[in-house]
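Asks: Pasting in a structure now, in structure tokens, and then I'll have a few things to ask.
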Amino acid sequence: MNPLRKLFRHPAGLFGAIVVAVLVLSALVSLVWTPHDPVFTDSARRWLAPTWAYPFGTDNSGRDIFSLIVAGSRVTVLVAVGSALGAGILGLLLASLGALTRRWVREGVAVLIDVLIAFPTLLIAMLLAAAWGGSLLVVIVAVSIGFGVNIARVTRPEIRAVLAADYVLAARASGIGSLGILRRHVIPNILPVLIVQLSWGMAIAILAEAGLSYLGYGAPADTPSWGRLLSELQTYIGIQPLSVLWPGAVITITVLGFNLLGDGLRDVTDPTLADPILSETVPASNAPVSPAAAAGATSDSSARETEPAHITPVSPDATEAASISETPETQEGTR
Amino acid sequence: MTRFLLTRALLLVLGLAVASVLIFLALRLLPGDVAQVIAGTDATPERLAAIRDSLGLERPLPVQYGEWIGGLLRGDLGNSVVTGTPVAGEIWEKAQVTLPLALLSMLIGLAIAGPLGVAAALRRGRPAGFALSGGAQALAAVPVIWAGMLLVIVFSLWLGWLPAQGFPRAGWSDPGAALRSLLLPALTIGIVEGAAMLRFVRSATLGVMGQDFVRTAAAAGRTRTGALLSHGLPSVALSIVSVLGIQVAGLLVGTVLVENLFTLPGIGRMLVADVGNRDLTKVQSEILVLTAIVLIIGTLVDVVHRLLDPRQREVAR
């Protein structure tokens, strides 16, 4: 069956796909139209209660909160896409270096990955902000590094598994170089795993943007952003407590959407789940208490405020479906 | 076992060394003049010269790095470029807020994740199990800052039970007041982190439930729950130890955000302020200290896991 149709039949995946579609749509629409001008202030309409004209009410300076959220989705999409691109490229680069090169380079890359994984993304961002000043680029670079390392760790064993396959040997024998093999065999084979990871990574990027913009090191002052809005509304939490509900709920639903989309994509692309006979043969208990758990414990820790579950070898759902992204990692750790 | 400990210790030292080099380089390979960044664009030439001199910026990078690390090993984290006060003393002072906060958050997280995670596994495929894992999935997507605001609205603004922000000036000399001011912040981190941990505990429990010894106990007449509780719990507990290692970084990031939300005088709030002040020497040492905490706890968790797990002891011999 068509993977997209399978995704739409997966309740969690469908929910995620809808959330992401709405997000992208509102970001696009906000480029040409929002219900009100999101930065227009008017002291006559301060703290209006939610009505049809102002669905989420207005803030202290009379700005329409709904329009601010719609306009803020641009920053969210920018950060999510930018981080996913950065993390994907960095992750694949590190993973390929860790799989294709000579032994001493491989070992060096492995140590680097282990150390970088211990840096929480927020600390990377603070370090960059101290040097360069806060900006959305800093958020994107920090998440790219923080999550890229995770992608490298998850895809490296995948890449090594592909490289060990007979058809790669055949390709090598017929004179195709490393880059050709990477392009023709490795990348198509790890693409499903990569896409799932990127979906989870975007969730982390959105939370990171919210947190950093809240601290004042993310979106610039004049740019509508969900984290910024949350921090601005917090100032008046004593006067209008319920106004913080909107941006927070929107962030939560969006993060949940990306997480569930990732879950759905994993279930759809995972051959162990797609084939009921195969999934019976997956040992139900290989993941949780394996030494890999301990290995993961020391190393895996970036952007941890959100969904650590997904980026570690011990996925919470690993018992139900030892996914293709986790099983080789477990073996790696056991060795 | 000795060999394992030595390898782990060596990896820890190597990790700390690489981390310190990365932090140092990230702050020194700036676009332009480090002194200018610290002092701002309107600084006088005298001020710039003073900063260059106090940081030793004229000397080669390896020498500067060596001095920083040499100081670290003697417990001297350097002085603030902005205020001139020693960094180590200030970190120690702020740690008296951050460490209890992190510990309390962890306990709350465990109290949530442990029992509910096991329950979610036992009720798997039934409405209660679905509600528990679905709820955890949703809670784990909540931004920590928003969770904090919601708790403030309910427990401070509406019920008036707990303070919405601040930490008593007297610190821990009044333990009751200090604890009260840490309760909401810890609850904030604990709930969100607990939701993330719950999913690990659930999957670990499901894994244990599939094990032969639990099945045998069940076959010998125990109920499934009884068999799990009497025979499976040690394995589940073991997996909780590793989850803790994974969650340390999340806890620390949580404290940075929550200390700013609740205006608590901890390391996280200090770090955010120092980043704003471009106090590079302080930022450099603070980030290294936080990274070291993550790396050290990760190593400890590894070692404890190894000590507790008889199967791994077999392998080690």
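Asks: Could you please rank A:TYR167, A:TYR54, placing first whichever residue has the fewest other Cβ atoms within 10 Å of its Cβ?
Replies: The most exposed by this proxy come first: A:TYR167, A:TYR54.
Asks: Please report how far the C-alpha centroid of the stretch A:129-159 lies from that of the stretch A:31-89, rounded to the nearest whole angstrom.
Replies: 27 Å
Asks: Take chain B, connect every pair of alpha-carbon atoms lying under 10 Å apart with a spring to form a Gaussian network, then pick out the residue of B:VAL154, B:VAL87, B:VAL294 with the largest mean-square fluctuation.
Replies: Among B:VAL154, B:VAL87, B:VAL294, the largest mean-square fluctuation in the Gaussian network model of chain B belongs to B:VAL154.
Asks: Please work out the FRET efficiency for the pair B:ARG28 and A:ARG103, using the Cβ-Cβ distance as r and a Förster radius of 45 Å; give the result to the nearest 0.05.
Replies: For B:ARG28 and A:ARG103, the calculated efficiency is 0.90.
Asks: As I understand it, the value is the acute angle between the Cα axis of helix B:45-55 and the longest principal axis of the Cα atoms of chain B; what does it come to in degrees, rounded to 10?
Replies: Helix B:45-55 sits at roughly 50 degrees to that axis.
Asks: Compute the acute angle (0 to 90°) between the alpha-carbon long axis of helix B:61-73 and the principal axis of greatest extent of the alpha-carbon atoms of chain B; round to the nearest 10°.
Replies: 60 degrees
Asks: Then there's this: Does anyone have the angle between helix B:2-28 and the longest principal axis of chain B? Alpha-carbon axes, 0 to 90°, nearest 10?
Replies: Long axis of B:2-28 versus the principal axis of chain B: about 40 degrees.
Asks: How would chain B be classified by its alpha-carbon gyration tensor: rounded, prolate or oblate, with rounded meaning a/c under 1.5 and the a/b versus b/c comparison settling the rest? Write down the numbers at each step before the final one.
Replies: Numbers: a/c = 2.85, a/b = 1.62, b/c = 1.76.
Oblate is the answer for chain B, as a/c is 1.5 or above yet b/c matches or exceeds a/b.
Asks: Taking only DSSP H segments of four or more residues, each worth -39500 (n - 2.57), what value at 222 nm results for chain B once the sum is divided by all its residues, to the nearest 500 deg cm²/dmol?
Replies: Details: 14 runs with 237 residues, N = 317.
One gets -25000 deg cm²/dmol as the mean residue ellipticity at 222 nm.
Asks: Under a 10 Å cutoff between Cα atoms, tell me which one of B:ARG278, B:ARG74, B:ARG124 has the largest fluctuation in the Gaussian network model of chain B.
Replies: The residue with the greatest mean-square fluctuation here is B:ARG74.
Asks: Label A:ARG9 and B:LEU10 with points 7 Å out from Cα along Cα→Cβ: what is the distance between them in nm?
Replies: 5.3 nm
Asks: With charges set only on the Cβ (+1 for Lys and Arg, -1 for Asp and Glu), what does the dipole of the protein assembly as shown come to about its Cα centre, in debye to the nearest 20?
Replies: Working: 45 positive and 43 negative charges, 284 e Å.
Here the size comes out at about 1360 debye.
Asks: What is the list of residues in the stretch B:165-192 whose amide nitrogen lies under 15 Å from a point 7 angstrom out from the Cα of B:THR85, following Cα to Cβ?
Replies: Within reach of a label on B:THR85, which here means backbone N under 15 Å from a point 7 Å along Cα→Cβ, the stretch B:165-192 contributes B:169-171.
Asks: Follow-up. At a Förster radius of 45 Å, what calculated FRET efficiency corresponds to the Cβ-Cβ distance of B:ASP174 and B:VAL21, to the nearest 0.05?
Replies: With a Förster radius of 45 Å, E is 0.55.
Asks: Set the Förster distance to 41 Å, then compute FRET efficiency between A:ASP222 and B:ARG47 from the Cβ-Cβ distance, nearest 0.05.
Replies: Efficiency, from the Cβ-Cβ distance: 0.85.
Asks: Quick check: pseudo-label points 7 Å beyond the Cα along Cα→Cβ at B:ALA220 and B:LEU308, how many nm apart are they?
Replies: Result: 2.4 nm between the two label points.
Each reported figure results from applying straightforward, stated rules to the coordinates on display, with no laboratory input. Only a predicted model underlies this, so the values are computations on that prediction, with no experimental measurement involved. All Cβ positions, even for glycine, are placed from backbone atoms using ideal geometry, and neighbour counts span all protein chains on display.
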